[in-house]
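Here is the structure we will look at, set down as structure tokens.
No value in this document is a laboratory result; all are computed from the given coordinates. Values in this document were obtained by computation on a predicted structure and should not be read as measured data. Cβ: placed from backbone, ideal geometry, glycine included. Neighbour counts: every protein chain shown.
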């Protein structure tokens, strides 16, 4: 037998000493750092080119306008980290806003409607998670069916846009936290940031968070290690369902209406945000902070187009595509070089 | 009971159930008439209207076989229809066959370029397929609108109309095009080594490359194929309605195509694929849409109806579901358990073997 305990001889060691002061990020952090750096570059380009782009409120408005997307994308992060996908989130938003508006119009008290609509999305997520785990249906297909189901239900309830006039809802929608002259954030942003912080803590420092990464890394290994794979997998879809309905709630604050066509294509925005933030679709690698940056990138693209102002609908689409392309390619090049 | 476990049994069963339920609601559903040398009837209509989805699903199958996904097919459909309608509008004689063929060729060529772009992003730059094709999905519709100037272009051209609405030998031309595409794909993947290479790249791109397969080239090729087929589907759609509508063309078709592929038994993780399954899946989905209308499901509940059928179909296809629910009535449960035990055995054997191999490695 050959002795395998002796470590293999390493190469020349000398150069390592001289360069120890250079900061080299961990490989796992590279995608997030690359996104952050490019985000700053993109923001600076915006500030340089458009008057008024540098206002604090412009930056805060990105959060105000995308708070619901942020919440949805956080839920999506958990799902994608386990190597799954959730296509139902956009439809769950539609269902949540439609049910909210319908029940409020029917005179139900806000205190009953609020937990009820949150429960709807959560139960739907639980159902999809159970189908995915127990019956081994592909996540893509199970959540696609969930997408049809939620959108179908909201169309069944009402095909038209319903305004929300409830006092509590109006108050929530108009609540502002001011930091100075013309500098404010809405309640939605506060809720979204709380969700982000909780999610980041759960993912980094709890057993559940570790399990999520372990399953995404290799589900079979996780099972052989004795981790509760089934429970965790069902939990992430439930969590994503909850986040989607909470996102729907924020959306109903934001638009003061319920409509069965709300949130169309939002699932792709959420997935794009998560992936731009450096999470691998195969699972096991990525951070909630990356997702926040991903949402900011999408928001910044919208803001730049709004400041440009003279783009018609098709040029807007093309420019969104080009900016997305430029961002992803740059990120890819930066990440590759660092490795 | 073996037939129950064939992966295409349940989609086929749902197709039969849908057709029979059609018969209950409309008496002459299965009647096929010969009129002016054309076959007419609901069944022929299903064949005709399945054609675009079959084409898109065919390309999607190849992409999924390599472990990728293509979200841009709907936008590519819009681009091809838009370019064809724009160029035909410029022709001095839109009824001449030659120039129209040239236009069709140009439209498909543009789509192939779009596919090359997707393939470049995925294979050369190494961007995750869902994001790489999302770029073209977003921008592509913009390009299509740019081509048409944001309007719906109407065309009047007899040869162009043949593609989507014409008949040849009493059969719809679009059906014949789809059949030819299926035959071509089957011949390429099952009669040459291409199918094997695709499955190999889908299984593991790195291992394939180390085994001497040009996996990068194969990956680019499947995206080109997918875009080409989507382009033809876009021509069929736009020719059928004699216009180019950049918003409606191929709307949500990417999801339907992926659904068709998965219902047909191809896993999204890549590797093994089934062309017959995808075609069957596409026909099931089209029949489902047509049935919803003919049975008289109200417009509001069409989507719900579709969701319920898809859920039932997915559950029926899941061996675990059948074993858990119907287990006591059949031997399937024992089979599933046996399969699990075997898999566990194989895994243990693998682990042991790799242990042995590792200890053989010189230190």
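Of note:
- Net length gained if the chain between residue A:178 and residue A:160 were fully extended (0.36 nm per residue, minus Cα distance): 3.0 nm
- In this simple spin-label model, placing a label point 7 Å from the Cα along the Cα-to-Cβ direction at both residue B:191 and residue A:261 gives a separation of 4.8 nm.
- Rg and Dmax of region A:28-332, based on Cα coordinates, read 19.3, 58 Å.
- Sum of -39500 (n - 2.57) over DSSP H runs of 4+, divided by residues of chain B (222 nm, nearest 500): -23500 deg cm²/dmol
- Extent along the principal axes, Cα only, for region B:87-183: 45, 36, 20 Å, with the longest axis given first.
- Helix B:9-25 axis, angle to chain B major axis (alpha carbon atoms, nearest 10°): 40
- For region B:6-69 versus region B:285-325, the spacing of their alpha-carbon centroids is 15 Å.
- Helix A:30-49 and the longest principal axis of the Cα set of chain A meet at an angle near 60°.
- Placing a label point 7 Å from the Cα of residue A:210 along the Cα-to-Cβ direction, the residues of region A:80-103 with a backbone N closer than 20 Å are A:81-83.
- Percent RCO, i.e. relative contact order, over chain B, from Cα pairs under 8 Å lying at least 6 residues apart: 30
- With the cut-off at under 14 Å, measuring from each backbone N in region B:166-187 to a point 7 Å along the Cα-to-Cβ line of residue B:276 picks out B:183, B:186-187.
- Residues B:287, B:179, arranged from fewest to most other Cβ atoms within 10 angstrom of their Cβ, appear as B:179, B:287.
- Among B:45, A:166, B:289, the ranking by other beta carbons within 10 Å of each residue's beta carbon, starting with the fewest, stands as B:45, B:289, A:166.
- Note: relative contact order over region A:28-332, using C-alpha pairs below 8 Å and six or more positions apart, is 37 percent.
- Residue A:315-residue B:102 FRET efficiency (beta carbon distance; Förster radius 30 Å; 0.05 resolution): 0.55
- Averaged over the residues of peptide A:312-319, the number of Cβ atoms from other protein chains lying within 10 Å of each residue's Cβ is 6.
- Measuring between their Cα centroids, region A:273-339 and region B:105-134 lie 18 Å from each other.
- Degrees between helix A:89-105 axis and first principal axis of chain A (Cα, 0 to 90, nearest 10): 30
- Alpha-carbon Debye profile of the protein assembly as shown, log10 I(q)/I(0) at 0.07, 0.11 Å⁻¹: -0.52, -1.30
- Shown is the FRET efficiency for residue A:168 and residue A:193, computed with R0 = 22 Å from the Cβ-Cβ distance and rounded to the nearest 0.05: 0.55.
- Two-site label geometry, residue B:209 and residue A:49: point separation in nm, points 7 Å out along Cα→Cβ: 3.4
- Each residue, residue B:21 and residue B:162, gets one label point 7 Å from its Cα in the Cβ direction; the gap between the two is 3.9 nm.
- For region A:234-277, dividing the convex hull volume of the Cα atoms by the residue count gives 86 Å³ per residue.
- Counting Cβ atoms of other protein chains within 10 Å of each residue's Cβ and taking the mean over peptide B:265-277 gives 1.
- Partner chain coverage, peptide B:122-132 - average Cβ within 10 angstrom: 4
- Based on every Cα atom in region B:15-109, Rg and the maximum pairwise Cα distance Dmax equal 18.6, 50 Å.
- Pairwise centroid distance, computed over Cα atoms, of region A:186-240 with region A:24-70, Å: 26
- Spherically averaged projected area of the convex hull of Cα atoms, region A:92-221: 11.3 nm².
- Sorted by Cβ neighbour density within 10 Å, fewest at the top, the residues A:196, B:279, A:71: A:196, B:279, A:71
- Taking all C-alpha pairs of chain B, those more than 36 Å from each other amount to 29 percent.
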